[in-house]
Amino acid sequence: MRLIDSTKLLELQNKPTKIRNICIVAHVDHGKTTLADSLISSNGIISQRMSGKLRYMDSRPDEQERGITMKSSSIALYHALDKEEYLVNLIDSPGHIDFSSEVSTAVRLCDGAIVVVDVVEGVCPQTRLALKQAYSENIRAVLVLNKIDRLIVEMKMTALDAYVHITQVMEQVNAVMGELFASNVLENEETLIDKQPEMHGPKEENNIYDWTSALEDADDSQLYFSPEQGNVVFASAIDGWGFTIHTFAKLFSDKLGVKEELLRKVLWGDFYLNSKSKRFMKGAQEKAKKPLFVQVIFDNLWNIYETIILRNDKEKVPVICEKLGIKLTTRDLRHTDTRIQLQSLMMQWLPLSNTVLDMVCCKLPSPKEILPDKVEKLMCSRIRDFESYHEETRKLKDAFIACDSSNDRPVIVFISKMFSVDKSILPENKPKALTPEEMALRREKARQMREELKNNVNSETVPIKMEKESEPDLNKPEKCAVDEKEKEDENPTAFIAFARIFSGRVKKGDKLYVLGPKHDPSQVLSKKDFQIDPNKKLKDLHSDEHITCTEIKSLYILMGRELEDIEEAVAGNIIGIGGLEDHILKTATLSSTIACPAFSEIQYAAVPILRVAVEPTYPSQLPQLVKGLRLLNQSDSCVQVLLQETGEHVLVTAGEVHLQRCLEDLKNLYAKIPITASEPIVPFRETIVEPPKVDMANEEIDSQNIDKTTETEKDPLITIYTNNKQSKIKIRARPLPNEITLLLDKSTDLLKAISQHIKILQGMSKNDKLESKLEEMHINGKHGLSDRMLKLIEAFKSELESICSKLGSEWKDVVRQIWSVGPRNCGPNVLLNQTPDYVTKFLHHEEELKEDLRFEYESSFVNGFQLASLSGPLCEEPMMGVAFCVEEWTLDKGEEDTTYTYGPLSGQIMSAVKEGCRKAFEAQPQRLMAAMYSCDIVVDQKVLGKLYAALGRRGGRVVGSDLQSGSASFRVRALLPVAESFRFALELRTHTSGLAAPMMMFSHWEVMLTAM
């Protein structure tokens, strides 16, 4: 039974300083949902005995079957600490790599995170990823070291060995945090220097170079996990206990007669108790003494486990309870299951929920404590400069930081995802409880009906029956029409927006702007007489429109599997908003002002790589499939739905488990029809390699022994003409060095922004009314590029130049020669301008172009390259790592072809460039590139050989393996082609009897060894 009703939660929602928005992140099977169960049980929503077994936050049937979380779900919890009341909005997130997009959507809404680590397995790949996601969103984290019971029961460690093992695990976690911190500080060092030029001025005058790093000045006091700071909990979620150093400092300060503050300092670390002087001394390891932590805490824990679990000594249980001041019921004392006895005892002595919630309320920030750096990150992307925004937009930063719900503040709400629920669970559709007056009225009506039945004799029953029979006949056509209409309108699925209010107050009936992810306030505010059609929905918008208007129909408190209806919500809260499915696809921003920018894009860790073609089993049901795919696309933040040129509907997912979940949802929830899915389709990339130096049949023969006269080299320079012979183009394809390819891949956002800017400049220069165009066109809030963009371009140029200087003379002038990158203006292929007489600009955007006849057709030329790099000649897959060098481009317009026999010249140039690029590609040795998974597999020593055999059969290779400290398990790191990965997990579990489980994540593209 719930201990707190919704009125108390509503009351706490109005106090932002007493709110904590947190999410639980960890690797799969490290105990997140069990911990969440324990915290939920503190509010009486579930029984304490059921925590860990019920998995309350896993509401989907497939989550319960598989035993893993597949979606982020939120619940509001009440907690009291030192006479202060708190509202904790807890989000449980998945740990499986396929669902890491759900972690990203959860982390964006939170101010703090609980990182759970299994002390036996230590830091796993998903733990690193979760820490990285939390750190990138400027979120403070606390640590829960879970499954300490495994060290006692499974690993049979001594208390001292367990202490050493736990310190090593904590060092691993802190090492990850340190690495993230250092890379972030060094990345931002240049920005910090630019912001403080006056500090560096005097040093430059004195000719003294400053060798100090920004790392020395950066504050890392809140970064690391340290038990003495109180941000680490030692726990066993399945047994329901947990403690911090502060818990035992409070328990033992009176017994030992020592101040609590002193105990907090010495309970963790290299301290021991000198039995003679009764003083705490440093140097326990050096003097071979037991550390105080082991002596005071772990020894007691080990004694309890050994007595109850290992020895099953029932006589000592009442004695232990008496010493700890705990009362166990007679039923618990007589229970045959020792684990249940232990849980009952430990839950009373060291309740996990109280310990964790106390730490959350003390150590994690409230919404009021949001950092200015985090606000800027939310408001603008990495390549955008905050100062480039309109003044009205910049003022909103104060509203974010204030987190105020007064009526004069602007409303700013961020929606991180849409999730579907059955309409029957919506509060408005549930039967309402009857009031005493209504119950009395119903009783009176029932009594009257009974009396009428007694008074009436059989003579009146016949006409009544006839009336009832005749009634349907009279209204039959009308009723059927109504039923059909109801059936059409009936959609059992409703979409709820998973949202957080950053500023202002939202009420039912409020009218707000829905700002799409591509909304740019600078463009909108610069237009005069800008108007928004209030009747437009998402499907009615044009490509350059990103704003709609909506009315808030329903607001909910998210309570795990349930929703509770509320009339209004204020800043700092995580809520659900209903009725927005026609306005939002995946994410959006709600605001009372159009000056509010769209929040920066959520960075997803998993790349959707696995695709299947879906079709209905019965072709007549295609409309239902299309509708189902639209709903699936809306409800899943990571899935992509594509319609191929062939007419196939393709689902792109993050992995095999994610794919299975999407197909199940499509069949049972959204389309509700039988569907047929193809075998998974794996994407490839097309590339070229350097021509071989020796004959393939004689690889061992040295190159000098080959008869040079027998070699006939084909010239890879391709000359192509347009159909009307007015333009001649010479193109050569060359393999791009791996370092440049990686740099292009890494700088996707920057390259896209540069291409967009160049398109705008070209559009302006072609327009006669330049001044009127300048009024309308903006990028980054200015006609030119922002300061941050210019710095990023300079950094990119210098990095590219340093790479090219090491590669040899042929790549020397690449920075000046780059004409475009592709496909889609941001890919890992380049078009190089090596013509002697035509100048282009890409990275050197500030240079003015000279008047040239060819400039008019430049965009057609570039588009031809974009089309060629998007679908290569081998199997129509995108190219990767190819440089197309244009060595000549001549244009002789001569007599104008007014009849357009061969079509417009721009189209001819585009076709010619596309064809030329493809032929130049074919003139070089071609290869396919396969997508590769990096696999992290924890495997028992006994079945290591079977794992290697399974990898070998599928073309995988092992890149490293380590014996995990304190166990007989190995952690194997391997690479496996995505094309060979289907049902790999199932095969591995079958052959190793469940002793190996792989975690697969897309890693990179690798050239296949076979020649094409």
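The values are calculated or read from the model by the stated rules, or taken from the named source; none is laboratory data. Source: prediction; values computed, not measured. Positions of Cβ are generated from backbone atoms using ideal geometry, with glycine treated the same way; all protein chains shown enter the neighbour counts.
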Restricting the range 309-340 to residues that are assigned to a helix (DSSP H, G or I) and β-branched (V, I, T), the one nearest to F252 (Cα to Cα) turns out to be I320
A974 - would you say it is assigned to a strand (DSSP E or B), small (G, A, S), under 21 Å from I609 (Cβ atoms) and without any contact (Cβ under 8 Å) to a residue 60 or more places away in the chain? yes
With respect to the numbered conditions (1) part of a helix (DSSP H, G or I); (2) modelled with pLDDT under 85, which one is the sole condition not fulfilled by P431? (1)
Could you check, for the range 296-316, whether at least one of its residues is over 46 Å from the mean Cα position of the chain (by Cα), more than 26 Å from W268 (Cα to Cα) and crowded, with 16+ Cβ neighbours inside 10 Å? no
So if I check each of K479, K485, K468, which one is part of a helix (DSSP H, G or I), of a type in the set (K, R), closer than 29 Å to L563 by Cβ and at pLDDT below 85? K485
Check on L151, part of a helix (DSSP H, G or I), of a type in the set (A, V, I, L, M, F, W, C) and at pLDDT 90 or above: yes
Given (1) crowded, with 20+ Cβ neighbours inside 10 Å; (2) under 27 Å from G52 (Cβ atoms); (3) in contact with a Ser or Thr (Cβ under 8 Å, 6 or more places away or on another chain); (4) not aliphatic (A, V, I, L, M), Q343 misses just (3)
Looking at L951, L995, L976, which one is surrounded by 13 or more Cβ atoms within 10 Å (Cβ to Cβ) and touching a Gly at 6+ places or on another chain (Cβ under 7 Å)? L976
Quick check: is even one residue across the range 158-165 in a helix (DSSP H, G or I) and at pLDDT below 90? no
On the given criteria, is Y86 among the hydroxyl-bearing types (S, T, Y) and in contact with a His (Cβ under 9 Å, 6 or more places away or on another chain)? yes
Residues of the range 1-55 being part of a helix (DSSP H, G or I), closer than 22 Å to T355 by Cβ, among the basic types (K, R) and over 24 Å from the mean Cα position of the chain (by Cα), which ones? K18, R49
Could you tell me which of the residues I602, I577, I557, I584 is assigned by TED's automatic domain parsing to the domain that holds K397, among the β-branched types (V, I, T) and not in a strand (DSSP E or B)? I584
Quick one: count up the residues across the range 96-125 that are hydrophobic (A, V, I, L, M, F, W, C) and assigned to a loop (DSSP other than H, G, I, E, B). 5
Got at least one residue in the range 916-938 being at pLDDT 85 or above, surrounded by fewer than 18 Cβ atoms within 10 Å (Cβ to Cβ) and farther than 28 Å from E1006 by Cα? no
Filtering the range 252-285 down to residues that are in a helix (DSSP H, G or I) and surrounded by fewer than 19 Cβ atoms within 10 Å (Cβ to Cβ) yields F252, S253, D254, K255, L256, E260, E261, L262, K265
Quick one: is S1003 in a loop (DSSP other than H, G, I, E, B), out of contact with any Pro (no Cβ under 6 Å at 6 or more places or on another chain) and surrounded by fewer than 20 Cβ atoms within 10 Å (Cβ to Cβ)? no
